[in-house]
Amino acid sequence: MNSEKASCSCGQLVLRYNDTITKTSICHCHACQKRTGSAFGVQVRLKKEKVLIEGNATKFDRPTDEGDHVHFYFCPSCGATVYWEIDDLPDSIIAPAGAFENHDLPSPTFSVYEDHMLSWVVLPSTITEHMD
Ligand SMILES: [Zn+2]
Ligand SMILES: [Zn+2]
């Protein structure tokens, strides 16, 4: 069993995960582009019961295309998002791959919102599932 740590830019908001991260994915939607300020978001899905949060978070609720909500938790001091919850996935916590200290997380296998993918993006060969 592994243990992973993710944190915001200033280190005040910390997420600890008492398990091994097995799956990462890429999302090209405009909301992820806005949140990251980058071409796409890379995120990991965690089992909620293995997640421990330390520090203060501010919540931002964003409605999804499917009509439910994503609840983003970010540091009120530095603004970095450390995790989020999706109504549809009550047993999961999602976290941005870049917030983790471990720089050897698994290569993404899943790529979504490819209809919003920037024209110059080249996906890794490990992607086996594609969605528009
Ligand atoms: Zn912070
Ligand atoms: Zn997205």
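Bear in mind that the values in this text are calculations on the coordinates, not laboratory data. A quick note: this is a predicted structure, and the numbers were derived from the prediction, not measured. FYI the Cβ positions are ideal-geometry reconstructions off the backbone, even for glycines, and counts take in every protein chain you see.
Distance between the modelled labels on SER107 and ALA31, one decimal in nanometres: 2.9 nm (7 Å Cα→Cβ projection). Here is the list for region 76-130: GluC sites (Glu not before Pro) lying in DSSP coil, each with at most 11 other C-beta atoms within 10 angstrom of its C-beta, are GLU101. Modelled label positions at CYS78 and LYS23, each set 7 Å beyond Cα in the direction of Cβ, lie 2.9 nm from each other. By the beta-carbon count within 10 Å of each Cβ, the least crowded to most crowded order of SER125, SER3, SER119, fewest first, is SER119, SER125, SER3. Once you list every other residue whose beta carbon is under 15 Å from the beta carbon of THR128, what net charge do they have if Lys and Arg are +1 and Asp and Glu are -1? Result for the neighbourhood of THR128: -1.
Between SER38, ILE26, VAL122, the Cα set farthest toward the positive side of the dipole of region 4-130 (charges on each charged residue's Cβ, about the Cα centre) is that of SER38.
Taking K and R as +1 and D and E as -1, what net charge do the other residues with C-beta under 10 Å from the C-beta of PRO108 add up to? Mind dumping the intermediate values first?
Values: positive: LYS23; negative: GLU129.
Result for the local shell: 0.
Taking Cα centre as origin and charging only the Cβ of basic (Lys, Arg, +1) and acidic (Asp, Glu, -1) residues, the dipole magnitude of region 11-57 rounds to 140 debye. As a proxy for reagent exposure, ranking TRP84, TRP120 by other Cβ atoms within 10 Å from fewest up yields TRP120, TRP84. Sorted ascending by nearby beta carbons within 10 Å, beginning with the fewest, TYR113, TYR17 become TYR113, TYR17.
For the chain, give the magnitude of the charge dipole about the Cα centre (Cβ charges: +1 Lys/Arg, -1 Asp/Glu; no others), in debye to the nearest 20. Walk me through the numbers before you get to the answer.
Numbers: 11 positive and 18 negative charges, 102 e Å.
Charge dipole, the chain, about its Cα centre: 500 debye, nearest 20.
Shown in residue order for region 104-117 are the 3J(HN,Hα) couplings computed by the Karplus curve 6.51 cos²θ - 1.76 cosθ + 1.60 at θ = phi - 60°: 10, 5, x, 5, x, 10, 9, 10, 10, 6, 5, 5, 9, 5 Hz (x for Gly and Pro). Would you compute the Debye intensity of the chain from its alpha-carbon atoms alone, equal scatterers and no solvent, and pass along log10 I(q)/I(0) at q = 0.09, 0.11, 0.13, 0.20 Å⁻¹ to two decimals? So the normalised log intensities work out to -0.25, -0.37, -0.53, -1.30.
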